[in-house]
Each structure stands twice: as C-alpha cells, then as structure tokens.
1. When the C-alpha atoms of the stretch 9-224 are aligned to their principal axes, what extent does each axis show, in angstrom, from largest down?
2. Taking 22 Å as R0, compute the FRET efficiency from the Cβ-Cβ separation of Leu223 and Arg160 and round it to 0.05.
3. For the pair Ala110/Asn73, report the inter-label distance in nm, with labels modelled 7 Å from Cα in the Cβ direction.
4. In nm, to one decimal, how far is the Arg146 label point from the Thr62 one, both placed 7 Å along Cα→Cβ?
5. Using 0.36 nm times the number of residues separating Lys27 and Leu52, minus their current alpha carbon distance, what extension gain do you get?
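FYI, it's all coordinate maths here, none of it is from the lab. Since this is a predicted model, take the numbers as computed values, not measurements. So basically every Cβ, Gly included, is an ideal-geometry build from the backbone, and we count neighbours across all protein chains shown.
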Amino acid sequence: MTDSPVESPPETATEPAPETLPETLGKAALRRLRVRSELVAEARRLTAAEGLAGFTIDELCTTVGISRRTFFNHFASKDDVVVGVALDDDDEPLEAYAATRRDPALPPFATTFDDLSAMLVERIQHVGLTRARAAEFKAALDREPRLLGSVMRQGDEQQRRIAAAVAAHEGLDVADPRVDVVVTLMTGLAQRSMAVFFTAQGDQAQRFDAVLADQLRLARELLAAGAAAPVRTAAPVTPPLRTTDREAPRPA
C-alpha cells in the first residue's frame with residue numbers, strides 16, 4: 001500500500017507489535033508472530049543504527065534468542081526481514097474475496113472501495129502496525145535507501161494481486177481498464193491514509209480506519225462533483241498554416 005515516511009511500504013512493512021498480537025490465535029501462531037515481530041524490530045533498529053553491513057544474521061538471531069535455522073523459517077534474507085516480507089505471507093482475505101462474486105443486482109464496482117478498505121483495515125489491525133513501528137521502518141530506509149527497491153517491487157506485486165482479485169470478484173477480464181483505474185485510485189487513497197496516519201498528522205488518538213474512511217469520503221465527494229458538472233466541449237482549434245500551405249507570392 002510512500003514523501004513523508006515512504007508511501008508504499010504499508011503492505012510490506014506490517015509485522016505485528018508484540019503488545020498487539022491477536023488474542024484469537026493459538027499458542028504456536030502467537031509464538032511465530034512474536035518471534036517474527038522481534039526479528040523485524042531488531043533488524044530495523046540495527047539497520048538504522050549501523051546499516052545492513054553493520055550486523056550479521058547470526059548476531060541478529062543471538063540478540064533475539066533464536067537459531068539461524070529458525071530465522072530462515074521466517075525470512076529468506078536480511079533485506080527481507082528489514083522490509084518485513086515473510087516466507088509464509090499469504091493473501092487469504094484477498095483470495096476469499098476473489099472467490100466470491102458481486103451481487104448481480106448492483107452495478108460494477110459498487111462496493112469495491114468499501115471491500116478493499118475493509119481488507120486493508122483488517123490487515124493493519126491484525127499485524128499491529130503502529131505509528132512507532134512506521135517510524136522505525138522509515139529510519140531503516142533512510143539509512144539504507146536501496147531497500148526502497150524491494151519495497152516498491154512488493155507494492156507492485158501486491159497491486160497486481162489486488163487487480164486480479166477485483167477482476168475475479170466483478171466477473172471481468174483483468175485487462176478491463178476499469179479494473180486498473182479502480183485499483184490505482186484505491187492504492188493512492190491507501191497511501192495517502194498511511195501518510196496521514198503514520199506521520200501523526202492530526203489527532204494522535206484517531207484510528208486508522210477513521211483516517212481511511214475520511215479519505216474515501218473526500219474522494220467520493222470530488223468524483224461526485226466532477227460527475228455532476230456540465231461537460232464542456234472544447235472549441236476546435238484550427239492549426240496555423242505551414243509555410244508550404246500558404247499561397248506563394250505572385251510575381252510582379
């Protein structure tokens with residue numbers, strides 16, 4: 001789902017804070033998320049302080065209290081742990097959305113913005129992404145700007161998966177230009193909401209879902225105003241004559 005903090009890391013930098021781990025998960029899942037959270041947090045702290053070359057995976061594992069083998073059960077590389085891309089990341093809610101079909105009584109894309117917003121809010125809440133976590137990630141990226149490439153690639157891949165899910169849900173071909181437009185608009189709104197929320201603009205007590213809902217409201221108002229405005233047809237413009245088109249001067 002980056003000007004202030006990075007506007008695109010939302011979907012890649014979302015490892016849960018230990019204090020916000022979901023209570024509904026089993027013990028094994030809680031431990032897995034807790035270990036992953038500690039790895040990401042410590043990797044970002046070390047990266048911000050020393051750079052990626054300033055520590056090894058073994059040193060990171062020792063600090064967190066796990067084995068090297070356990071590390072590679074979660075992440076494929078040092079870059080991935082800083083960016084927050086786990087090996088078993090999945091898109092179960094997105095896949096479930098793709099498996100359903102739009103109510104035929106509704107026009108195309110009638111609920112797309114609301115559906116995608118709900119999935120984004122659920123993911124933010126599930127992984128416990130907070131303002132403090134966003135600040136840690138930004139500090140790591142500031143120290144190692146090359147990681148932005150990984151962030152952007154993750155963002156592009158996520159956008160491709162969202163487009164495929166929207167097309168499937170709507171019963172359309174993924175090449176339908178409307179799919180690309182709606183996903184691009186939603187991605188921009190999500191990035192704007194992330195920037196507002198995670199850079200602590202406005203009320204510190206405001207929830208992310210409220211920020212996103214406000215951005216959606218503004219977008220809908222603007223689009224509605226544009227749709228209601230009369231269409232102005234531009235007057236045709238006559239191109240100036242080229243030298244070869246002008247009448248040649250007659251001899252005296």
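1. That gives 57, 36, 34 Å along the principal axes, largest extent first.
2. On the way: r = 24 Å, r/R0 = 1.11.
Calculated transfer efficiency: 0.35.
3. Between Ala110 and Asn73, the label points sit 4.8 nm apart.
4. According to this spin-label approximation, the distance is 2.5 nm.
5. Numbers: separation 25, 0.36 × 25 = 9.00 nm, distance 3.20 nm.
Net length gain for the segment: 5.8 nm.
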